[in-house]
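The values are calculated or read from the model by the stated rules, or taken from the named source; none is laboratory data. None of these values were measured; they are calculated from a predicted model. Note that each Cβ is placed from the backbone with ideal geometry, even for glycine, and that neighbours are counted across all protein chains shown.
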Amino acid sequence: MRTYVVAGGTTGMGNGLARHFLRRGDQVTIIGSDPAKGRRFLDEAAQLGATDRAAFIRADLTSVAENRRVIDEIKSRHSALDGLIVTALRHFSKRVETPDGFEATFALYYVSRFLLGYGLTDLLEKGDRPMIVNICGVGMTKGAIHWDDLSLASGFGNVKAMLQGGRATDLLGVAYAANHPDGRTQYLLHHPGFTDSGTESLKQPVKSIIKLLAKVSAQSVDTAIQPIIELMDDPPEGRLLAYDRRKPVDPSLPSLDPNAARRLFERTRHLLG
């Protein structure tokens, strides 16, 4: 039995992976903001006779304090982790600034993943073939880090915010691997492709458009998670793994630049105090 934590495990691919590992006999803790969805996961666990292997932590992962509370709670429950899967993402149609001063997309897509990854490393290092799985858009090169305005106080756009979050989370993986050269924990950046993982956080008319596109061309969650399961169960060598579905991503892409990764790591550490 392995032990997994899934941030964003109440919906979409995070929920698909959480349910897969639970059905397989593993121990799974999911993190999400919706208590009703958390209860559904726990109800399914009960039907499987796996109540003692399932847990739900309610949290707003746009908050630094909430991420730190989650880390403390997981540490109080477990002495080791085999995997941390970070999938939590939500679309914000308007600019929202968190109490910590971050733009909300950046806070959820990048800062939360930064905090959870580094905060749970000591438990992961005690696991069996430990891995952090970051479901993102690795391989894409559109978008940029707005170094002089990370919070996008000037000229916010939801696509601009999503692209910045995506490029930041790519660099997160690069920096993590560089910061732990002698560690055991592998870091997987994984681009699943277009997946029908829900549209609840979208506003109209975008919501209807994405729903229509999903019916025509999106893959199912069950299909999208298969390459991730394969990579987790039988990982190739390397501290940093970057895949677009089953295809390795070119590590020399500018979106995976180690100098930019180091710069963002240092900036983040400064902003977090």
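Residues of the stretch 178-229 that are over 17 Å from Thr11 (Cα atoms), at pLDDT below 95 and not in a loop (DSSP other than H, G, I, E, B): Val206, Ser208, Ile209, Leu212, Leu213, Lys215, Val216, Ser217.
The set of residues in the stretch 138-169 being crowded, with 17+ Cβ neighbours inside 10 Å and farther than 18 Å from Ala104 by Cα consists of Val138, Gly139. Take Glu103 and decide whether it is in contact with a strand residue (DSSP E or B) (Cβ under 8 Å, 6 or more places away or on another chain) and crowded, with 23+ Cβ neighbours inside 10 Å. Considered against the rule, which asks whether it is in contact with a strand residue (DSSP E or B) (Cβ under 8 Å, 6 or more places away or on another chain) and crowded, with 23+ Cβ neighbours inside 10 Å, Glu103 comes out as yes.
Does at least one position in the stretch 39-48 carry a residue that is touching a helix residue (DSSP H, G or I) at 6+ places or on another chain (Cβ under 6 Å) and modelled with pLDDT of 95 or more? Before the answer, list the steps.
Kept after step one, since they are touching a helix residue (DSSP H, G or I) at 6+ places or on another chain (Cβ under 6 Å), are these residues of the stretch 39-48: 45.
Remaining after also requiring modelled with pLDDT of 95 or more: 45.
Yes: the stretch 39-48 contains one or more residues that are touching a helix residue (DSSP H, G or I) at 6+ places or on another chain (Cβ under 6 Å) and modelled with pLDDT of 95 or more.
How about the stretch 40-66: which of its residues are closer than 13 Å to Thr29 by Cβ and in contact with a strand residue (DSSP E or B) (Cβ under 8 Å, 6 or more places away or on another chain)? Scanning the stretch 40-66 gives Phe41, Leu42, Ala45, Arg53, Ala54, Ala55, Phe56, Ile57, Arg58, Ala59. For the stretch 116-128, check the following and say yes or no: at least one residue is under 16 Å from the mean Cα position of the chain (by Cα), assigned to a strand (DSSP E or B) and at pLDDT 95 or above. No; the residues of the stretch 116-128 include none that is under 16 Å from the mean Cα position of the chain (by Cα), assigned to a strand (DSSP E or B) and at pLDDT 95 or above.
Of Arg58, Arg95, Arg53, all but one fail to be in contact with a Ser or Thr (Cβ under 8 Å, 6 or more places away or on another chain) and among the basic types (Lys, Arg); the exception is Arg58.
Quick check on my filter: what residues within the stretch 165-183 are over 12 Å from the mean Cα position of the chain (by Cα) and without any contact (Cβ under 8 Å) to a residue 60 or more places away in the chain? Passing the criteria: His180, Pro181, Asp182. Residue count for the stretch 18-50 satisfying the condition of being polar (S, T, N, Q), more than 19 Å from Ser112 (Cβ to Cβ) and under 19 Å from the mean Cα position of the chain (by Cα): 1. A search for C-beta distances below 8 Å between a residue of the stretch 141-156 that is free of Cβ contacts under 8 Å to residues at least 24 places away in the same chain and within 25 Å of Asp244 (Cα to Cα) and any residue that is polar (S, T, N, Q) and not in a loop (DSSP other than H, G, I, E, B), counting only pairs 6+ apart in sequence or on different chains, returns Ala144/Gln164; His146/Gln164. Among the residues of this structure, Asp234 counts as one that is over 24 Å from Ser112 (Cα atoms), surrounded by fewer than 18 Cβ atoms within 10 Å (Cβ to Cβ), out of contact with any strand residue (DSSP E or B) (no Cβ under 9 Å at 6 or more places or on another chain) and at pLDDT 95 or above.
Restricting attention to the stretch 125-137, and to residues there that are under 13 Å from Tyr176 (Cα atoms) and in contact with an Asp or Glu (Cβ under 9 Å, 6 or more places away or on another chain), which single residue is surrounded by the fewest Cβ atoms within 10 Å (Cβ to Cβ)? Step by step, filter the stretch 125-137, then rank; the result is Met131.
None of Asp60, Asp72, Asp82 is within 21 Å of the chain's Cα centre (by Cα), modelled with pLDDT of 95 or more and surrounded by fewer than 14 Cβ atoms within 10 Å (Cβ to Cβ) except Asp72.
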